[in-house]
């Protein structure tokens, strides 16, 4: 048995209930999507077009993609707990500075810096859970963490819209900076100190060799591409639908626009089941079902009836979150070694997909309108389903007794 084949006993445990881990997940990524609830307000503040403000708000995905690769190079040398706490504390600085951003370029640059710290905290937390917990503990904690991330999409947008409507855009970012600092405190209290874990075999390998091996793994390449397409579609829907909802005939106010994101509430209940269903039915079946569900919700987004649009958004949210949770778990099973590095690469492709969605779909939205944008999103989801069909049975399906 090689060093990479051996199973190490967990040497640290999580303090408190899984709910605490969900809170850390919430406070890690709450900044990423919160600004989407005030896109029309930000566009007015910076005199920007929908595509320009869409790219600027989602510029954080650039930093997240960079950080995902960076974890491959230095992640194994970092104390997970210290890294998570430091990243969340540092995240509060660019978040606070966003309150005073005077132009779109500065705003986008600060969003990129936010992304660097968000994915660093996210990746190191994932590594902590996979390395320090038993399989059962890790599954429970990961489900709680992902549920916290889903909650950040809902609650972050609700808070953002309410604050901006009542106190202005700067107050919004000041509040979220305080949330980032509270996340650092929670992580410091909940995560026990744990030195980086790496076998002698893995420590001797260069990051370039690790990346090359992972990219040579067909199942991992496919999962990276699926992740890219999932966030491409998700960002396209939940960025540019804001302008549709704020324009006539629906003409929602900023406060009403923030309430729209209760559409994520069903995802908070369905996403934790992704791991169990993928283990029982196989990743391919999980991908097919979740992506098909998201596709079914897209035509509803073209309606002029608000209830129909909201139902469509809820269905797209359930499908894409479920597919993303399936992909996250699948990467850990498909990687033959250096799972933290594989997760980092996955996150890089995932967030690059978000950036591509903001840029390309923003261009489509500006020039051809919302129906054309929805059609491109449908093509992306269908392509993700086609890629899922290529996954090997031995890796994509559950083990047989």
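FYI, it's all coordinate maths here, none of it is from the lab. Fair warning: this is a prediction, and the values are worked out from it, not measured in the lab. So basically every Cβ, Gly included, is an ideal-geometry build from the backbone, and we count neighbours across all protein chains shown.
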Shape call for the stretch 163-322 from the C-alpha gyration tensor, a ≥ b ≥ c root eigenvalues: rounded (a/c under 1.5), prolate (a/b greater than b/c) or oblate? oblate
Virtual spin-label span in nm between residue 281 and residue 389, 7 Å along Cα→Cβ: 1.8 nm
What is the stretch 246-401's relative contact order, in percent, from Cα pairs under 8 angstrom and six or more apart in sequence? 30 percent
Students often get this wrong, so try it: which of (i) 33, 25, 18; (ii) 47, 21, 18; (iii) 45, 26, 22 is semi-axes √(5λ) of the Cα gyration tensor in Å as calculated from the structure shown? (i)
Provide 261, 145, 350 in ascending order of the number of other Cβ atoms located within 10 Å of each residue's Cβ, fewest first. 145, 261, 350
For an R0 of 22 angstrom, estimate the FRET efficiency from the Cβ-Cβ distance between residue 302 and residue 366 and round to the nearest 0.05. 0.80
Roughly how tilted is helix 370-388, in degrees to the nearest 10 and between 0 and 90, from the longest Cα axis of the chain? 10 degrees
Give the order of 333, 80 when sorted by the count of other beta carbons within 10 angstrom, beginning with the fewest. 333, 80
Between helix 80-97 and the chain, what is the angle of the helix's C-alpha long axis to the longest principal axis, kept within 0 to 90° and rounded to the nearest 10? 20 degrees
Return a whole-number percent for the relative contact order of the chain, with Cα pairs under 8 Å and 6 or more residues apart as the contact set. 27 percent
Förster-model FRET efficiency, 35 Å R0, residue 255 and residue 188, C-beta, rounded to 0.05: 0.50
Going fewest to most other Cβ atoms within 10 Å around each Cβ, 46, 33 line up as 46, 33
Taking 0.36 nm per intervening residue step and subtracting the Cα-Cα distance, what contour gain separates residue 49 from residue 178 on full extension? 43.5 nm
Quick check: the angle from helix 339-368's long axis to the longest principal axis of the chain, C-alpha only, nearest 10 degrees? 20 degrees
